Amino acid sequence: MMRPKAVADAVIARRGVAVPYRIGTMIELPRACVVAAELAAIAQFFSFGTNDLTQTVYGYSRDDAEASFIPKYLEQKILKDDPFQVLDRVGVGALMRMGIERGRAQRPDLKIGICGEHGGEPASVAFCDELKLDYVSCSPYRVPIARIVAAAQAAARRSVGRVEAAVHRIDHRAVHVGVAAGGDRQRRRGARRCACRREESRRLRRAHRRRPLRSTTVSTPSFEAPAAA
C-alpha cells in the first residue's frame, strides 16, 4: 500500500486539496477469494468483478460462450440461467461468501461491493444484499432496477424487524401470563393461553413469509446502488 499511498499523498500536497480516498482491490480470480484475509491486511475495500470472476470460475470466455453454446445450454436446460446475466449463487456466490467472510475477519470495516452487469439484475442484487455488501455498481441503464431491488430488500428487513418485535411481545405476554397464574386451575388456564400465544406468533411468521414484497411502499433504502463511474 505504501507506494500508491505515497503517490496519492504527494498529489494532494501538490494540489493543496484534501481528498478522502481508500486503497483497495478488484476480486476477479478464485484464488483472490481464498486468500482474502491476506489481501484485506492491505486493502481497505474489495470490489468483486463478477463478470471476470464468472469467467474464471466456469472456465468460459464470455464473448465466445454467449455467442455460441450458452443459448444451446439454456435451450437444453443444461444451465438454468445465463451465468453472465444472473449471478451463480452456488459456484461464484460461494467464492464471494468465502472472500467476504475471510476479508472481514481480517478487517471488520472492509467495504465490499460488486462491479459488473450482475449489479443491475434483480436476483443478483438481492443475493448481494444477503451477503451484506455495501454497494452494487452497474451500467447506467440498469441503475433504476438496482435501486428498486435494493429498496425492496431494505423494506423487507424493516418488515421482518416489525414482525419479530410483535412476536417477541406476544411471547413475553404469554410467559408472563403462565408464570403469574397461581393455583392448578390458573396454571392450566395460563398454559392454554401460552399455547394460544405461541400459535399466534407462528401464524404471524407464516403470514409474513407468504406476503409478497411491494416496492411501491419503500422510502429510503439502507442498501445503496450507486452508478458505475
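The values are calculated or read from the model by the stated rules, or taken from the named source; none is laboratory data. What you are looking at is a predicted structure, and each value in this text was computed from that prediction instead of being measured. Cβ: placed from backbone, ideal geometry, glycine included. Neighbour counts: every protein chain shown. For accessibility, only protein heavy atoms count, side chains too; no ligands or nucleic acids. Shrake-Rupley method; radii C 1.70, N 1.55, O 1.52, S 1.80 Å.
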Within the stretch 29-43, which residues are more than 16 Å from L133 (Cβ to Cβ) and in a loop (DSSP other than H, G, I, E, B)? L29, V35, A41, I42
Within the stretch 27-53, can you find the residues that are touching a helix residue (DSSP H, G or I) at 6+ places or on another chain (Cβ under 6 Å) and either open to solvent by 70 Å² or more (accessible area, probe 1.4 Å) or free of Cβ contacts under 8 Å to residues at least 40 places away in the same chain (or both)? E28, L29
Counting only residues that are of a type outside the set (D, E, K, R) and either over 13 Å from the mean Cα position of the chain (by Cα) or open to solvent by 60 Å² or more (accessible area, probe 1.4 Å) (or both), how many does the stretch 101-121 have? 8
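Just to check your reading of the model, which residue among A126, A156 is without any contact (Cβ under 8 Å) to a residue 60 or more places away in the chain, open to solvent by 10 Å² or more (accessible area, probe 1.4 Å), in a helix (DSSP H, G or I) and under 23 Å from E101 (Cα atoms)?
Details: A156 fails: under 23 Å from E101 (Cα atoms).
Checking each option against the conditions leaves just A126.
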When you go through (1) farther than 27 Å from P140 by Cβ; (2) assigned to a loop (DSSP other than H, G, I, E, B); (3) in contact (Cβ under 8 Å) with a residue 60 or more places away in the chain one by one for P108, which number turns out not to apply? (3)
What's the number of the only condition in (1) surrounded by 18 or more Cβ atoms within 10 Å (Cβ to Cβ); (2) modelled with pLDDT of 65 or more; (3) assigned to a helix (DSSP H, G or I) that P144 fails to meet? (1)
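Of all residues in the stretch 59-100, count the ones that are assigned to a helix (DSSP H, G or I), in contact (Cβ under 8 Å) with a residue 12 or more places away in the chain and open to solvent by 70 Å² or more (accessible area, probe 1.4 Å). First the steps, then the outcome.
Within the stretch 59-100, the subset assigned to a helix (DSSP H, G or I) is 62-67, 70-75, 92-100.
Among the residues that remain, those that are also in contact (Cβ under 8 Å) with a residue 12 or more places away in the chain are: 62, 65-66, 70, 92-93, 95-100.
Of the ones still in play, those that are also open to solvent by 70 Å² or more (accessible area, probe 1.4 Å) are 97.
The total comes to 1.
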